[in-house]
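The values are calculated or read from the model by the stated rules, or taken from the named source; none is laboratory data. Quantities reported herein were computed from a predicted structural model and do not represent experimental measurements. Using ideal geometry, Cβ is built from the backbone for each residue, glycine included, and neighbour counts are taken over all protein chains shown.
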Amino acid sequence: MDSVGVAAAAPDTGPGPAWQSKCPWGAPSTTSISCSLADVMSEQLAKELQLEEENAAFPEVVAAAEGPFITGENIDTSSDLMLAQMLQMEFDREYDAQLRREEKKINGDSKVSISFENYRKVHPYDSDSSEDEVDWQDTRHDPYRADKPTTTPRRGFIGKGKDITTKHDEVVCGRKNTARMENFAPEFQVGDGIGMDLKLSNQVFNALKQHAYSEERRSARLHEKKEHSTAEKAVDPKTRLLLYKMVNSGMLETITGCISTGKESVVFHAYGGNATEDKVIPPECAIKVFKTTLNEFKNRDKYIKDDYRFKDRFSKLNPRKIIRMWAEKEMHNLTRMHNAGIPCPQVVILKKHVLVMSFIGQDQVPAPKLKDVTLSSEDMKKAYYQILNMMQQLYRECNLVHADLSEYNMLWHDGKVWLIDVSQSVEPTHPHGLEFLFRDCRNVSQFFQKGGVAEALNERELFNAVSGLNITADNEVDFQAEIEALEKMNEDHVQNHGKKLSTFSSDGDPPIYDE
Ligand code: ADP
Ligand code: MN
């Protein structure tokens, strides 16, 4: 089980639509995740039940899967790969059965019959089913097939004396070449030549062979491309299976499409499915898929590596798990924010690197980003004060700094600003936390000053207003230097006391440790 399979609690209060008030998602306080004996037991039970269910649903598939894929008795049907292979096999068998039916229908009683052999998905050596083999042998009667090609034996010649025929004999070679065309891909049109006494010269055969193989490669490439474009960029098969399971389980009704493709994530819209005993699913959901292409995350190390909440785990993790941790971080941060009453998406569920949350917007149309919306000067002023307020709440109540706050990550919906995209948010005592906060303040100040809000504080005033610190430097460079000095003092404290300051003091003095 994922250590964080279920969204943490959400209180009855807080912003958002009416469905939230019915939300029965448990108690908010416990953040430590422990695994009780009961949990273990129930997980085992769940596995057993799942196995039973699957055995009932795919009895012959499971039996067949023992052949080429799995040896031994332990068939772990909880594996995604396994499930995919099972589904693929089932599909291939159905497809072949359909081919056989069509073949029969077309051929009927006719003396001339055609064969779809080359189009089959399941090949005899993949399968231990004798039924398939019988069908395969039917193709012996295909009249368009040349008789067994006359081949020359290994030593390269047959016959004796002047009747000797070598492997270079033109007629034999020509026939052999014609027969060999059968090996080209099924979609390669070779005409009826195979059934006739056609003799292809080596030169012609080689040219044809070259062409047939390059066609095969080209078609494979095209197919691959198509696969990728239809598979909604950056969603690999494993993720697709995860999404598929969410729909299959009824948690989501449908996944309608992609809202956004970013460097680090892809966001989809979905209609919520059925509520379960312990969960109310919002009518519309956003699914954030954290990209598992690792290179994009390399330069984000600094956010998470120094976040003490994740510090112990960071060193032990492989890159794939680190990406899951981003998703986990976003979930925890959103939960904190929601608990503080800050307008933000509400977490529905986290599965590996896929985070499902409530959708900000309506009828599949996401709320516009602040950068894309034109607000009246009144709304602009309202938005500014709301953000000032939210930044203070975030810092004081959630103990968080957004760390990527800008008009790109604020949505305008229902006459107010909603904060999103908090996977990189950190606590203020993070080694670079105050620098991140200063950057956030700069973005916000600049946006609203440019947007004509006369009351908007400058970035330094905003920083002090949010943090409660009283940095007096009146220029950017000195201000930044004081911020870094504070961060350093905090780090030294960690070095000397092995403990982090839980907050910075808010009276302008050097930070004091606050039990
Ligand atoms: P990224 O790291 O790619 O910037 P975001 O969390 O900012 O990820 O999401 C990208 C875009 O997807 C956002 O700008 C927004 O338009 C849309 N989006 C994300 N979450 C939601 C949501 N809960 N409701 C509506 N739209 C969302
Ligand atoms: Mn974003």
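Here are the numbers:
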quantity	calculated
Pair list, Cβ < 7 Å and 6+ apart or interchain, from the range 404-421 residues that are hydroxyl-bearing (Ser, Thr, Tyr) to residues that are within 11 Å of ligand 1 (Cβ to nearest atom) and assigned to a loop (DSSP other than H, G, I, E, B)	Tyr408/Lys371
Candidate set: the range 260-280, residues that are part of a loop (DSSP other than H, G, I, E, B) and out of contact with any strand residue (DSSP E or B) (no Cβ under 9 Å at 6 or more places or on another chain); chosen: the one surrounded by the fewest Cβ atoms within 10 Å (Cβ to Cβ)	Glu277
Given (1) away from ligand 1 (no atom under 16 Å from the Cβ); (2) among the polar types (S, T, N, Q); (3) closer than 26 Å to Phe290 by Cα, index of the condition Ser423 fails	(1)
Total residues in the range 438-479, condition charged (D, E, K, R), under 38 Å from the mean Cα position of the chain (by Cα) and surrounded by 13 or more Cβ atoms within 10 Å (Cβ to Cβ)	4
Residue in the range 397-405 that is within 30 Å of Asn274 (Cβ to Cβ), within 12 Å of ligand 1 (Cβ to nearest atom), surrounded by 15 or more Cβ atoms within 10 Å (Cβ to Cβ) and modelled with pLDDT of 95 or more present	no
Single unsatisfied condition, Ser423 versus (1) surrounded by fewer than 24 Cβ atoms within 10 Å (Cβ to Cβ); (2) closer than 30 Å to Leu243 by Cα; (3) touching an Asp or Glu at 6+ places or on another chain (Cβ under 7 Å)	(1)
Any hit, the range 326-338, residues being surrounded by 16 or more Cβ atoms within 10 Å (Cβ to Cβ), modelled with pLDDT of 95 or more and aromatic (Phe, Trp, Tyr)	no
Single residue of Glu232, Glu215, Glu227 found to be modelled with pLDDT under 85, out of contact with any Pro (no Cβ under 8 Å at 6 or more places or on another chain) and farther than 27 Å from Asn118 by Cα	Glu232
Residue pairs meeting the criteria (Cβ under 7 Å; at least 6 apart or on separate chains; first hydroxyl-bearing (Ser, Thr, Tyr), in the range 431-446; second surrounded by fewer than 18 Cβ atoms within 10 Å (Cβ to Cβ))	Ser445/Asn458
Hits in the range 441-469 - residues which are under 19 Å from Arg396 (Cβ atoms) and polar (S, T, N, Q)	Asn464, Ser467
Every residue from the range 271-287 that is at pLDDT 95 or above and either within 16 Å of ligand 2 (Cβ to nearest atom) or within 14 Å of Val347 (Cα to Cα) (or both)	Gly272, Ile281, Pro282, Pro283, Glu284, Cys285, Ala286, Ile287
